[in-house]
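The values are calculated or read from the model by the stated rules, or taken from the named source; none is laboratory data. The structure displayed is predicted, hence computed values, not measured ones. Every residue, glycine as well, gets a Cβ built from its backbone with ideal geometry; the counts of neighbours run over all protein chains shown.
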Amino acid sequence: MRLISRVFMFLLLVLSSVCVAETYNMETQFITPIKLPSKLVSLVNEHLDSPFERSGCAASLRQSLEASFVRLSPTDKLSILVKPAESCLCGAHTCSFWIIRQCGSSYCFAGHLHAHSIEINKATLLNDYYGLTGLPGGAASSEATHFLFDGTSYIEKKIGLKKIK
C-alpha cells in the first residue's frame, strides 16, 4: 500500500510539472517573437512604472521591447506577453512583464507583473484564464507571487496549495 501511495505521488508530481511547463525568463529572448504594433507599444507605454523607467535606454520604446503570442486561456484566444528586450528596462533581478489580451477584435491591457520569470500555471484556471506565477530572481528573494485573472486583468493573489477553478 505504501508503494502504491509513493508511485501515485510521483506520478502526480510529474503530471503537475508537465501542466506548468511554460516559463518566460527576463534574460531569454522569445523563441517566436512578433513585431509589436504601434498601438500596443502605446498601451505598454501607459503602464510603465514611471517616465524614468526608460531613461537609460537609447533605442525607441518599440525597439526596447519584445513580444510573443502566448496561450493564457484554454480557448482559442491568444494573448501577447511583452517584456524588455534590453536590460535598461529591468532591475537587478526583475523585469516588467506586460500582458495584453484579446478583447473582441482588438486587444486590451491585462496586467503588469514584476518578476525574474513568468510561469503559466495551466493547473489553475479562473475566469477562463490560467493563473500566472512570478518567480523571483537573486539570492535575496525567495517567494513566488501568484496572479489570477479577475475577469478584466491579472491581479496579485495570495493562494495556498488549492487549485482554483
Exercise. Determine whether Ile118 is in a strand (DSSP E or B) and at pLDDT 95 or above.
Key: no
Practice problem: Give the stretch 55-96 a look and list any residue that's in contact with a Pro (Cβ under 9 Å, 6 or more places away or on another chain), part of a strand (DSSP E or B) and not aliphatic (A, V, I, L, M), or say none. | Solution: Glu66, Ser68, Cys95, Ser96
Exercise. Being over 22 Å from Ile34 (Cβ atoms) and not aliphatic (A, V, I, L, M) is the filter; apply it to the stretch 54-69 and report the residue that is modelled with the lowest pLDDT.
Key: Ser55
Quiz item: Just for the stretch 125-144: of the residues that are modelled with pLDDT under 90 and out of contact with any Ser or Thr (no Cβ under 7 Å at 6 or more places or on another chain), which one is farthest from Asn25 (Cα to Cα)?
Solution: Ala140
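To keep it simple, each residue is scored yes or no on (1) surrounded by 20 or more Cβ atoms within 10 Å (Cβ to Cβ); (2) out of contact with any Ser or Thr (no Cβ under 8 Å at 6 or more places or on another chain).
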residue	(1), (2)
Ala67	yes, yes
Lys77	no, yes
Ile80	yes, no
Leu89	yes, no
Ile100	yes, no
Cys108	no, yes
Ala115	yes, no
